[in-house]
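Below: the structure, in structure tokens.
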Amino acid sequence: PEGDSYGELSQRAYSYLLWAMHTTGTDNPQVYGPQASMITNSYWSQDVINGYLNLASPAKTVQQNWIGPAYLVYSFGDYANYIAIDQIRVLAPLAMYAMDTGNTAQYSKIRWMIDNMPPGGLSYRDTRIQNSLSNQGSLSAPIFYFLASDPNAPPAADPRPAMATDFLAPGTGVLLSRTDWTSAASWMTYKLTWNAIDHQHGDGNGIGFYRGGEWLTMPASGYGTNIGSSDYQNTLAIQNPGNTNDPFWTPNQSRGSQWEYDPAGDPSAVTHSFNAAYTYVQGDSTNLYNNLSISANDVQHASRSALWLKPDIMVVYDRATTGASGHFKRFHLNTPAQATVAGKSAVVTTPGGQNLFVDALLPLNATLTSVARETFSDYAEQAAGDPMPFRLWSEDLSGPADVRFLNVLQGANGGGAKQPVSLLQSTSGTPFDGATVGTVAVWFRHDITTAFSSVTFSVPAGTTQTYVTGLTPGATYNVSMSNNNGAIQYTVTPGGASTADAGGVLHF
């Protein structure tokens, strides 16, 4: 829950313990009870291992010439240096357990990770070992490299192509989805979790978009309460005044952030669906924006729905409501270069020559702003090597109490054209807002707290695919179609032959 930097500290302690219990025979459940064999639990045998694999970027990048190619990571929580954390002290005990119990397939999988996932891979291992006292603080890392690296074992095969391309950790609300396991893959990240311990950030409903070997946008990586506030975490910032001079809460308050300590409660579980053509997520983060202990309780609703149309289009819909008007509400993205803004559209050209196109369809009078990241007084706030030195945000400067944000993100190769986008709105029934992107139409529920009755909307005649989100997962619906002055009119009502997927998405 605090990310794979501080998470390495806590996970390795348990990993040490479980290995020690095995080598001393105290992992016998018949003698010491069922919890003694915890190392066989699916968390340790599957989730930890698959989680680290899914947190790594599709392609390697040379971040530091003296180290060599490294997988980029989806980092969250406090992170002082944006580079993959060497997880040898977590993985080695698991590898040794697999060796000792004759699980050759598991050992091969972990061995590949040990050899390839640390920055620089095998070619930089000697340097890591030689510098273990200054870099790691102990000799445990080289000892574990020695114990876990069977010299008689053949080189381990890459286990990732056989793995699913989608991953969800429900306990921490981390969702990771990619098009495939090749280095050319595109990748979406999302996170919505409880926030109650040290080193967590205000990143509920935060998204990331990776394409063409680099991040187009991602939550900022750093260490502290400013960089950890929501305006740097690719999510909404919602102003919520309260009474505090606490050094942690003051930055959260001024930035409209989710509270990094003691929010009013937990967010919702992540509603999601995985499909070969798309990934959908929806989450309610309202509780994270309120802090009852300092009377910061004006946020009545905050939620996000996002549909990633693989590989290049992400449509993001946000709902933000406060009890009082005049409180700012902002949709934030971090970018690898400064955006060129023209009205309600922006384009970012990445260091690799790709383009990120952003269109703000809602609010209707949205103002886009692109600036360089702040220079913080504490150097550690900005992680060394963080690839997101600029910021882009959208807001309605009139400060209404109730705002909807509808943003279309498109990734394209250098010189590639942006697909045309336009705003859609339903005509009757339960209100929906939507967007066309090329020949695809995407619809979102205006209010997810009220019951769905029916909806009628029209899409352009050339539309080839329509996605209706925010419905009841697994429920059936009737979809009727008619002509409406050259456009295609649909009416969706409960009951019928069409079934919404596990995330409540209807696709036709």
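The values are calculated or read from the model by the stated rules, or taken from the named source; none is laboratory data. Just so you know, these numbers come straight off a predicted model, no measurement behind them. In this analysis, Cβ positions are derived from the backbone assuming ideal geometry, glycine residues included, and neighbour counts consider all displayed protein chains. The area values use the complete protein model at the heavy-atom level, side chains included, leaving out ligands, DNA and RNA. Shrake-Rupley method; radii C 1.70, N 1.55, O 1.52, S 1.80 Å.
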Check on ASP262, touching a residue at least 60 places away in the same chain (Cβ under 8 Å), surrounded by fewer than 21 Cβ atoms within 10 Å (Cβ to Cβ) and at positive phi: yes
Residues located in segment 169-208, provided they are part of a strand (DSSP E or B) and either closer than 21 Å to ALA302 by Cβ or among the polar types (S, T, N, Q) (or both): VAL174, LEU175, SER177, MET188, THR189, TYR190, LYS191, GLY206, ILE207, GLY208
Residue count, segment 461-485 (criterion: at pLDDT 95 or above, surrounded by fewer than 13 Cβ atoms within 10 Å (Cβ to Cβ) and on the phi > 0 side of the Ramachandran plot): 1
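Residue-wise test of (1) open to solvent by 20 Å² or more (accessible area, probe 1.4 Å); (2) modelled with pLDDT of 95 or more; (3) not in a strand (DSSP E or B).
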| position | (1), (2), (3) |
| --- | --- |
| ASP266 | yes, yes, yes |
| HIS272 | yes, yes, no |
| ASN287 | yes, yes, yes |
| GLN300 | yes, yes, no |
| ALA306 | no, yes, no |
| VAL316 | no, yes, no |
| ALA320 | no, yes, no |
| SER325 | yes, yes, yes |
| VAL341 | yes, yes, no |
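Confirm whether ILE83 is of a type in the set (Val, Ile, Thr) and either at pLDDT 95 or above or touching a helix residue (DSSP H, G or I) at 6+ places or on another chain (Cβ under 9 Å) (or both). Before the answer, list the steps.
Working: of a type in the set (Val, Ile, Thr): yes; either at pLDDT 95 or above or touching a helix residue (DSSP H, G or I) at 6+ places or on another chain (Cβ under 9 Å) (or both): no.
Judged against the criteria, ILE83 is not a match.
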Residue check for PRO142: over 31 Å from the mean Cα position of the chain (by Cα), modelled with pLDDT under 95 and in a loop (DSSP other than H, G, I, E, B): no
Among the candidates ALA70, ALA56, residue that is under 21 Å from THR182 (Cα atoms), over 16 Å from the mean Cα position of the chain (by Cα), among the aliphatic types (A, V, I, L, M) and crowded, with 18+ Cβ neighbours inside 10 Å: ALA70
Count of residues meeting criterion [farther than 22 Å from THR491 by Cα, in contact with a strand residue (DSSP E or B) (Cβ under 7 Å, 6 or more places away or on another chain) and among the polar types (S, T, N, Q)] in segment 406-437: 3
Output for segment 365-374, where each listed residue is out of contact with any Ser or Thr (no Cβ under 9 Å at 6 or more places or on another chain) and either surrounded by 14 or more Cβ atoms within 10 Å (Cβ to Cβ) or farther than 23 Å from LYS329 by Cα (or both): ARG373
